[in-house]
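Enquirer: Take this structure first; my questions come after.
The values are calculated or read from the model by the stated rules, or taken from the named source; none is laboratory data. The structure displayed is predicted, hence computed values, not measured ones. Using ideal geometry, Cβ is built from the backbone for each residue, glycine included, and neighbour counts are taken over all protein chains shown.
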Amino acid sequence: MTQTPVQPGIMDIALYVSGESVLAGRRDVLKLSSNENPLGCSPAATQAFRAASGDLHRYPCTDHASLRRAIGEVHGLDPDRIICGVGSDEVLQFVVQAYAGPGDEVITTEHGFSMYPILARMVGATPVTVPEVARRVDVDAILAAVTDRTRVVFVANPANPTGTMLTQAELLRLAEGLPPSVLFVHDGAYTEFAEGFDGGASLVDRFPNVVMTRTFSKIHGLGGLRIGWGYAARSVIDVLNRVRQPFNLSNAQMAAAEAAIRDHDFTRRCAELNARLRAEMREALTGMGIACDESFANFVLARFDSPATAEAADRALREDGILVRRVAGYGLPEALRITVGDQAGVARVLDCLRRFMAGRVAA
């Protein structure tokens, strides 16, 4: 029987694998594989979500006006230049749907978020991966890779899974160096964990070809609801809204997100806890002889002396009921990405790794 032909690029997509959440035979699993907020979400968000359950028979608002207004007020942005999606992933998808296709190129970086090449192939475009330097995005490598076929450049900043970050001067140099015909997508999913950083908003205001994306999944603790947003020039937002499905977010999603972003005290508490425990983790790891770059996100990247050691460390953590993220698929086979949990969770991880490293010395 003749099969319906699949669009170019689709069968080249490697299926995305999410962080594990269960271990057979363990009831005390500590999940540190998906960069989730150990404090959960704002109680105000939970209350708003429950209140919205009384109107589940109602179609949601199609323009997300109230949520966009809340985002604009909190971040000092023009609500008319904001678009909301099912996680920031959907906003990234809008970009490639609208601006790239067969014959076009989409630039990603060596250790960049694995969804970027998937999104490129989804529309038949060719992902072009450029090298990084010491696990940091290399602006010169990106600019050198631009051709007349380049349509989109994806940069996560702070980066996942490395946790490293470009300076404002580096971001500006990249934005200035790209042709106006190329969209620079600044993925700021971890912005709130980088103190004083605007997530790329100032770049958007200066360059009409810059798109900033953000998420409610990380510091706001709403990963289970899948809510994200983007900020760009009005002309770009108008294009993206043409490929957005009108009912992509439910009333319950929007109500919870609005309550979450307006709970400034909860957001600040999450950021402060993460900063303190992130520094504690990094200091402890380096003290054990485990390399660890400074992170500006809610995780650290622990780098061991070899892929075999990283695999052994992962086994030791799993035996203790702790799930972290192997990142060999990101070109980092010698590393483990470890979410910064709460105080007890951090202590549990460090205790396990101390015993693991001490065992290696003894052996």
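Enquirer: Please list, ordered by first then second residue, the pairs with beta carbon atoms under 6 Å, 6 or more apart or interchain, first in region 55-79 and assigned to a loop (DSSP other than H, G, I, E, B), second loosely packed, with under 13 Cβ neighbours inside 10 Å.
Expert: Pro60/Phe247; Thr62/Pro246
Enquirer: I would also like to ask the following. Could you check, for region 183-190, whether at least one of its residues is among the acidic types (Asp, Glu), at pLDDT 95 or above and in a loop (DSSP other than H, G, I, E, B)? Even if it seems obvious, please write down each step before you answer.
Expert: Within region 183-190, the first condition is being among the acidic types (Asp, Glu), and the residues that meet it are 187.
The next check asks that each one be at pLDDT 95 or above; those that pass are 187.
Now narrow it down to the ones that are in a loop (DSSP other than H, G, I, E, B): none.
No, there is no match, as no residue in region 183-190 is among the acidic types (Asp, Glu), at pLDDT 95 or above and in a loop (DSSP other than H, G, I, E, B).
Enquirer: Hey, another quick one. So how many residues does region 185-204 have that are in contact with a Leu (Cβ under 9 Å, 6 or more places away or on another chain) and charged (D, E, K, R)?
Expert: Count: 1.
Enquirer: Moving to a separate point now. Within region 242-251, does at least one residue satisfy the condition of being of a type in the set (Phe, Trp, Tyr) and either in contact with a helix residue (DSSP H, G or I) (Cβ under 8 Å, 6 or more places away or on another chain) or buried (at least 20 other Cβ atoms within 10 Å of the Cβ) (or both)?
Expert: The first filter runs over region 242-251 and keeps only residues of a type in the set (Phe, Trp, Tyr), leaving 247.
Remaining after also requiring either in contact with a helix residue (DSSP H, G or I) (Cβ under 8 Å, 6 or more places away or on another chain) or buried (at least 20 other Cβ atoms within 10 Å of the Cβ) (or both): none.
Among the residues of region 242-251, not one is of a type in the set (Phe, Trp, Tyr) and either in contact with a helix residue (DSSP H, G or I) (Cβ under 8 Å, 6 or more places away or on another chain) or buried (at least 20 other Cβ atoms within 10 Å of the Cβ) (or both), which makes the answer no.
Enquirer: What number of residues within region 119-149 satisfy the criterion of being outside any loop (DSSP other than H, G, I, E, B) and of a type in the set (Asp, Glu)? Steps first, please.
Expert: First, pick out the residues of region 119-149 that are outside any loop (DSSP other than H, G, I, E, B): 119-122, 126-130, 133, 136, 139-145.
When the remaining residues are screened for being of a type in the set (Asp, Glu), the result is 140.
Looking only at that region, the number is 1.
Enquirer: In this structure, does Asp198 turn out to be among the charged types (D, E, K, R), under 17 Å from the mean Cα position of the chain (by Cα) and buried (at least 24 other Cβ atoms within 10 Å of the Cβ)?
Expert: Numbers: among the charged types (D, E, K, R): yes; under 17 Å from the mean Cα position of the chain (by Cα): yes; buried (at least 24 other Cβ atoms within 10 Å of the Cβ): no.
In short, no.
Enquirer: Looking only at residues in region 252-269 that are part of a helix (DSSP H, G or I) and of a type in the set (D, E, K, R), which one is surrounded by the fewest Cβ atoms within 10 Å (Cβ to Cβ)?
Expert: Looking at residues that are part of a helix (DSSP H, G or I) and of a type in the set (D, E, K, R), I get Asp265.
Enquirer: Still on this structure: Among the residues of region 97-118, how many are out of contact with any Phe, Trp or Tyr (no Cβ under 8 Å at 6 or more places or on another chain), assigned to a helix (DSSP H, G or I) and either of a type in the set (A, V, I, L, M, F, W, C) or without any contact (Cβ under 8 Å) to a residue 12 or more places away in the chain (or both)?
Expert: Looking only at that region, the number is 1.
Enquirer: Checking Cys292 against (1) out of contact with any strand residue (DSSP E or B) (no Cβ under 6 Å at 6 or more places or on another chain); (2) within 30 Å of Asp198 (Cβ to Cβ), only one condition comes out false. Which one?
Expert: Against the list (1) out of contact with any strand residue (DSSP E or B) (no Cβ under 6 Å at 6 or more places or on another chain); (2) within 30 Å of Asp198 (Cβ to Cβ), Cys292 comes up short only on (1).
Here's the yes/no breakdown for (1) at pLDDT 95 or above; (2) surrounded by 15 or more Cβ atoms within 10 Å (Cβ to Cβ); (3) of a type in the set (Val, Ile, Thr); (4) farther than 25 Å from Val349 by Cβ:
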| position | (1), (2), (3), (4) |
| --- | --- |
| Thr4 | no, no, yes, yes |
| Ile13 | no, no, yes, yes |
| Gly19 | no, yes, no, no |
| Val22 | no, no, yes, no |
| Pro38 | yes, yes, no, no |
| Ser42 | yes, yes, no, yes |
| Ala51 | yes, no, no, yes |
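Enquirer: Suppose we filter Val185, Val137, Val128, Val133 for residues that are within 27 Å of Val340 (Cβ to Cβ) and surrounded by fewer than 20 Cβ atoms within 10 Å (Cβ to Cβ); which single one remains?
Expert: Details: Val185 fails: surrounded by fewer than 20 Cβ atoms within 10 Å (Cβ to Cβ); Val137 fails: surrounded by fewer than 20 Cβ atoms within 10 Å (Cβ to Cβ); Val128 fails: within 27 Å of Val340 (Cβ to Cβ).
From the options Val185, Val137, Val128, Val133, the qualifying one is Val133.
Enquirer: Taking region 43-66 only, how many residues are aliphatic (A, V, I, L, M) and touching a Pro at 6+ places or on another chain (Cβ under 9 Å)? Steps first, answer last, please.
Expert: At the first step, the residues of region 43-66 found to be aliphatic (A, V, I, L, M) are 44-45, 48, 51-52, 56, 65.
Still in the running and touching a Pro at 6+ places or on another chain (Cβ under 9 Å): 65.
Residues in region 43-66 being aliphatic (A, V, I, L, M) and touching a Pro at 6+ places or on another chain (Cβ under 9 Å): 1 in total.
Enquirer: Restricting attention to region 203-232, report how many residues are in contact (Cβ under 8 Å) with a residue 12 or more places away in the chain, under 30 Å from Asp263 (Cβ atoms) and not in a loop (DSSP other than H, G, I, E, B). Please lay out each step first, then the result.
Expert: At the first step, the residues of region 203-232 found to be in contact (Cβ under 8 Å) with a residue 12 or more places away in the chain are 203-204, 206-223, 225-232.
Narrowing further to those that are under 30 Å from Asp263 (Cβ atoms): 203-204, 210-223, 225-232.
When the remaining residues are screened for being not in a loop (DSSP other than H, G, I, E, B), the result is 203-204, 210-215, 228-231.
Result for region 203-232: 12.
Enquirer: Next up: Output the number of residues of region 150-182 satisfying the condition of being part of a strand (DSSP E or B) and under 17 Å from the mean Cα position of the chain (by Cα). Reasoning before the result, please.
Expert: So in region 150-182, the residues part of a strand (DSSP E or B) come out as 150-156.
Cutting the leftovers down to under 17 Å from the mean Cα position of the chain (by Cα) gives us 153-156.
Within region 150-182, residues that are part of a strand (DSSP E or B) and under 17 Å from the mean Cα position of the chain (by Cα) number 4.
Conditions tested, residue by residue: (1) within 30 Å of Arg269 (Cα to Cα); (2) without any contact (Cβ under 8 Å) to a residue 24 or more places away in the chain; (3) assigned to a strand (DSSP E or B).
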{"position": "Glu294", "(1), (2), (3)": "yes, no, no"}
{"position": "Ala312", "(1), (2), (3)": "no, no, no"}
{"position": "Gly329", "(1), (2), (3)": "no, no, no"}
{"position": "Gly345", "(1), (2), (3)": "yes, no, no"}
{"position": "Val349", "(1), (2), (3)": "yes, no, no"}
{"position": "Ala358", "(1), (2), (3)": "no, yes, no"}
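Enquirer: Only one of Glu110, Glu73, Glu105, Glu36 is within 17 Å of the chain's Cα centre (by Cα) and in the same structural domain as Ile227 (by TED's automatic domain parsing); which?
Expert: Working: Glu73 fails: within 17 Å of the chain's Cα centre (by Cα); Glu105 fails: within 17 Å of the chain's Cα centre (by Cα); Glu36 fails: in the same structural domain as Ile227 (by TED's automatic domain parsing).
Of the residues listed, the single one that is within 17 Å of the chain's Cα centre (by Cα) and in the same structural domain as Ile227 (by TED's automatic domain parsing) is Glu110.
Enquirer: Tell me whether region 224-232 contains one or more residues that are under 20 Å from the mean Cα position of the chain (by Cα), at negative phi and of a type in the set (Ser, Thr, Tyr). Lay out the reasoning, then the answer.
Expert: So the first thing to find is which residues in region 224-232 are under 20 Å from the mean Cα position of the chain (by Cα), and the list is 224-232.
Cutting the leftovers down to at negative phi gives us 224-225, 227-232.
Those still in the list that are of a type in the set (Ser, Thr, Tyr) too: 231.
Yes - at least one qualifying residue is present in region 224-232.
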